[in-house]
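Any read-out appearing in this document is the output of simple, stated calculations on the displayed coordinates, not a laboratory observation. Owing to the predicted nature of the structure, the values given are computational and were not obtained by experimental measurement. FYI the Cβ positions are ideal-geometry reconstructions off the backbone, even for glycines, and counts take in every protein chain you see.
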Amino acid sequence: METKETFIDALKFIAKHKYSLTLAFFLLWLFVLGTPTVSFSFKKDREIKELRKQIHAYETETEQNKAMLLKLKTEKGTVERIARERYFMQKDGEVVYRIEDEKSSK
């Protein structure tokens, strides 16, 4: 007899909250059970946005490299200046002293 009353109470609860339960079921289906889920779409959108940022950064770097290459090909002293600044190269018989600021070494 008690199980029958419990069953009737459950039916009353379902009847009373049918719209809320339907909405909850739909949201569960939409976010979890659906094949192209919404959360999957959000993840892919974020990934696409991040990849577009990387593309932009690489394009900027490529433009800078092209400008540097053009400068290396056209200006005579550029290769020597870069060799001295970046790679600490020196001419024969020349002594180069490297002085660092305290700010840059920290």
**Asked** Once you charge only the Cβ atoms, +1 for Lys and Arg and -1 for Asp and Glu, what is the size of the charge dipole of the chain about its Cα centre, to the nearest 20 debye?
**Response** 300 debye
**Set of lysines near LYS12 by C-alpha distance (under 27 Å), chain-local residues within fewer than 8 positions excluded** = LYS4
**Prompt:** According to a simple spin-label model (label point 7 Å from Cα along Cα-to-Cβ), what is the distance in nm between TYR97 and THR6?
**Reply:** 9.3 nm
**Item:** Within straight-line cross-link reach of LYS91, lysines at Cα separation under 27 Å, skipping those fewer than 8 residues along the same chain
**Value:** LYS71, LYS73, LYS76
**Using a Förster distance of 35 Å, the FRET efficiency for ILE55-THR78 (Cβ separation, nearest 0.05)** = 0.75
**Message:** Starting from a Cα-only point model with no solvent, please compute log10 I(q)/I(0) by Debye for the chain at q = 0.13, 0.17, 0.18, 0.19 1/Å.
**Reply:** -0.85, -1.01, -1.05, -1.08
**Item:** Enclosed volume per residue, in Å³, of the convex hull spanned by Cα atoms of the stretch 36-90
**Value:** 83 Å³
**Asked** Which chymotrypsin sites (Phe, Trp or Tyr not before Pro) in the stretch 22-106 pass both tests, a DSSP loop state and at most 11 other beta-carbon atoms within 10 Å?
**Response** PHE88, TYR97
**Complete:** In terms of the charge dipole of the chain, which places +1 on Lys and Arg and -1 on Asp and Glu at the beta carbon, the residue among THR62, VAL79, VAL32 farthest towards the positive end is VAL32
